[in-house]
Amino acid sequence: MTNVVEGSVEGGKASGYVAPGFEGVRAAFEDNFVTHGEVGAAVAVYVEGRKVVDLWGGTADDQAGTPYTEDTLQLVFSTTKGITALCANVLAQRGLLDVDAPVAEYWPEFAAAGKADVPVKWLLSHQVGLPYVDADLSLEQVLAWDPVVEALAAQAPLWEPGTGHGYHAVTYGWLVGEVIGRPHLGVPGLLSQEGMFNRPEVRAAELPAANGVTNARSLAKLFAATIGEVDQDGTAVGPLLTPEQTAAAIAVQSSGPDKVLMFETVFGLGYMLSSPFSPYGGARGFGHSGAGGSMAFADPDAGVAFGYVMNRMLANLAGDPRTTGLVRAVYDTIGVTPTFV
């Protein structure tokens, strides 16, 4: 860090900042490198709008030996969905999006193939039955947006919408994004660890379900501002969602056996909700996780906002030991017992 302040961390496995009392989070972060084979990662935590943890460490590029620094950016895969969900909820809060209205009111072509009455909230909660694109499209067409949303509009659902839910891993972004106005995500030039996503044209495209590029600090700050007030360069920002909209966002829309993931999952309006599959601290925690381990969430009851990013992808779908250890250390520090960690 350029400015050494109380709580600054230099050397060892981690650099950055921890507020007094949060040393246990640093210990958990460093243990991830020793016990869980962490390569390069960052974690950040806000409590009641105050940044209490901002740590990074390891290697950004193993081959080149580039260190993971405070400015390293990271592809976060489906953690991106939490940002897209925020866009939808802000629009709903402003009266610009009615989640109970048919999708076809915003996207008339979507009424095809028996989907005329599908409400927007079923897109946000993975109930529409379009978990993949049933069309022969080139990568260029997929990245151009219009061909893939035209295909989804014409496509018949795999199951009767509203009768079950299944994780729409990539189509969520096109479905929700077409309704809310295509939130721009992706940054050209970023190195990732995942095949196709190393291609610059994929990283630069609009894929609101999967190609967000950010860091732990920004994720934690965004979720902190979602539930409360945070300082942004001397200006108070937030809360981005009112208590009423937060309650609407985290009301259970779908739960139980997931037709795609084959686990029990719980979704609100675009967010994964706290559950054994997605352990986001308290019972009302909400956020999203990404392939390989990245995670961001807010717990409005404990006032906690958390962001974690990494470049070593693990194959587990839930219960990543790196994040569970970090979250447990946060809650140990504030003296609260997490519901699902």
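The values are calculated or read from the model by the stated rules, or taken from the named source; none is laboratory data. Everything numeric in this text was worked out from a predicted model, so none of it was measured. With ideal geometry, Cβ positions are generated from the backbone for all residues, glycine too; neighbour counts draw on all protein chains shown.
List, please: which pairs have Cβ atoms under 7 Å, are six or more places apart or on different chains, and start with a residue in the range 24-43 that is at positive phi and end with one that is at pLDDT below 95?
If the second residue must be at pLDDT below 95, the pairs left are 37/312.
Please indicate, with yes or no, whether at least one residue in the range 270-288 is within 18 Å of residue 214 (Cβ to Cβ) and polar (S, T, N, Q).
no
Of all residues being of a type in the set (Gly, Ala, Ser) and not in a loop (DSSP other than H, G, I, E, B) in the range 71-104, which is nearest to the chain's Cα centre (by Cα)? Just the residue, please. Give the derivation first.
At the first step, the residues of the range 71-104 found to be of a type in the set (Gly, Ala, Ser) are 78, 82, 85, 88, 92, 95, 101, 104.
After this cut, where a residue has to be not in a loop (DSSP other than H, G, I, E, B) as well, the list is 78, 82, 85, 88, 92, 104.
Numbers: 78: 6, 82: 4, 85: 9, 88: 14, 92: 19, 104: 27 Å.
Restricting to residues being of a type in the set (Gly, Ala, Ser) and not in a loop (DSSP other than H, G, I, E, B), the top hit is 82.
Looking at (1) modelled with pLDDT under 95; (2) in a helix (DSSP H, G or I); (3) of a type in the set (Asp, Glu), which is the only condition residue 6 fails?
(2)
Just wondering, is there one or more residues in the range 187-198 that are of a type in the set (Ser, Thr, Tyr), under 28 Å from residue 314 (Cα atoms), touching a residue at least 60 places away in the same chain (Cβ under 8 Å) and out of contact with any helix residue (DSSP H, G or I) (no Cβ under 8 Å at 6 or more places or on another chain)? Steps first, answer last, please.
Going through the range 187-198, the residues of a type in the set (Ser, Thr, Tyr) turn out to be 192.
Subsequent filtering for residues that are under 28 Å from residue 314 (Cα atoms) retains 192.
Cutting the leftovers down to touching a residue at least 60 places away in the same chain (Cβ under 8 Å) gives us 192.
Filter again for out of contact with any helix residue (DSSP H, G or I) (no Cβ under 8 Å at 6 or more places or on another chain), leaving none.
Within the range 187-198 (the criterion being of a type in the set (Ser, Thr, Tyr), under 28 Å from residue 314 (Cα atoms), touching a residue at least 60 places away in the same chain (Cβ under 8 Å) and out of contact with any helix residue (DSSP H, G or I) (no Cβ under 8 Å at 6 or more places or on another chain)), the answer is no, since none of the residues qualifies.
Sort through 195, 164, 186, 173 and tell me the only one that's within 30 Å of residue 71 (Cβ to Cβ) and at pLDDT 95 or above.
Details: 195 fails: at pLDDT 95 or above; 164 fails: within 30 Å of residue 71 (Cβ to Cβ); 186 fails: at pLDDT 95 or above.
Every option except 173 fails the conditions.
Does the range 262-274 hold any residues that are at pLDDT 95 or above, out of contact with any helix residue (DSSP H, G or I) (no Cβ under 8 Å at 6 or more places or on another chain) and farther than 16 Å from residue 305 by Cβ, and which are they?
Once the filter is applied, which keeps residues that are at pLDDT 95 or above, out of contact with any helix residue (DSSP H, G or I) (no Cβ under 8 Å at 6 or more places or on another chain) and farther than 16 Å from residue 305 by Cβ, the range 262-274 yields 264, 265, 266.
Per-residue answers, yes or no, for (1) of a type in the set (S, T, N, Q); (2) out of contact with any Asp or Glu (no Cβ under 6 Å at 6 or more places or on another chain); (3) in a loop (DSSP other than H, G, I, E, B):
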residue	(1), (2), (3)
293	no, no, yes
297	no, yes, no
301	no, yes, yes
305	no, yes, no
318	no, yes, yes
324	yes, yes, no
327	no, yes, no
332	no, yes, no
340	no, yes, yes
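Go through (1) assigned to a strand (DSSP E or B); (2) more than 13 Å from residue 308 (Cα to Cα); (3) β-branched (Val, Ile, Thr) for residue 53 and report which single condition fails.
If we test residue 53 against (1) assigned to a strand (DSSP E or B); (2) more than 13 Å from residue 308 (Cα to Cα); (3) β-branched (Val, Ile, Thr), just (2) comes out false.
I'd like the full set of residues that are under 16 Å from the mean Cα position of the chain (by Cα) and closer than 20 Å to residue 327 by Cβ, limited to the range 247-266. Outline the logic, then answer.
First, the residues of the range 247-266 that are under 16 Å from the mean Cα position of the chain (by Cα): 249-250, 265-266.
250, 265, 266 - these are the residues of the range 247-266 that are under 16 Å from the mean Cα position of the chain (by Cα) and closer than 20 Å to residue 327 by Cβ.
Are any residues in the range 291-321 touching a helix residue (DSSP H, G or I) at 6+ places or on another chain (Cβ under 6 Å), surrounded by fewer than 24 Cβ atoms within 10 Å (Cβ to Cβ) and over 17 Å from residue 48 (Cα atoms), and if so, which ones?
Selection gives 291 alone.
Just checking, how many residues over the range 229-248 are surrounded by fewer than 22 Cβ atoms within 10 Å (Cβ to Cβ) and either over 14 Å from residue 89 (Cα atoms) or modelled with pLDDT under 95 (or both)? First the steps, then the outcome.
Filtering the range 229-248 down to residues surrounded by fewer than 22 Cβ atoms within 10 Å (Cβ to Cβ) leaves 229, 231-240, 242-248.
Adding the requirement that they be either over 14 Å from residue 89 (Cα atoms) or modelled with pLDDT under 95 (or both) leaves 229, 231-238.
Residues that pass the stated criteria total 9.
Just a yes or no: is a residue in the range 105-117 part of a loop (DSSP other than H, G, I, E, B), crowded, with 21+ Cβ neighbours inside 10 Å and not hydrophobic (A, V, I, L, M, F, W, C)?
First, the residues of the range 105-117 that are part of a loop (DSSP other than H, G, I, E, B): 106-107, 112-117.
Checking the rest, the ones that are also crowded, with 21+ Cβ neighbours inside 10 Å come to 115.
Add one more test, that the residue is not hydrophobic (A, V, I, L, M, F, W, C), and what stays is 115.
Taking every residue of the range 105-117 in turn, at least one turns out to be part of a loop (DSSP other than H, G, I, E, B), crowded, with 21+ Cβ neighbours inside 10 Å and not hydrophobic (A, V, I, L, M, F, W, C).
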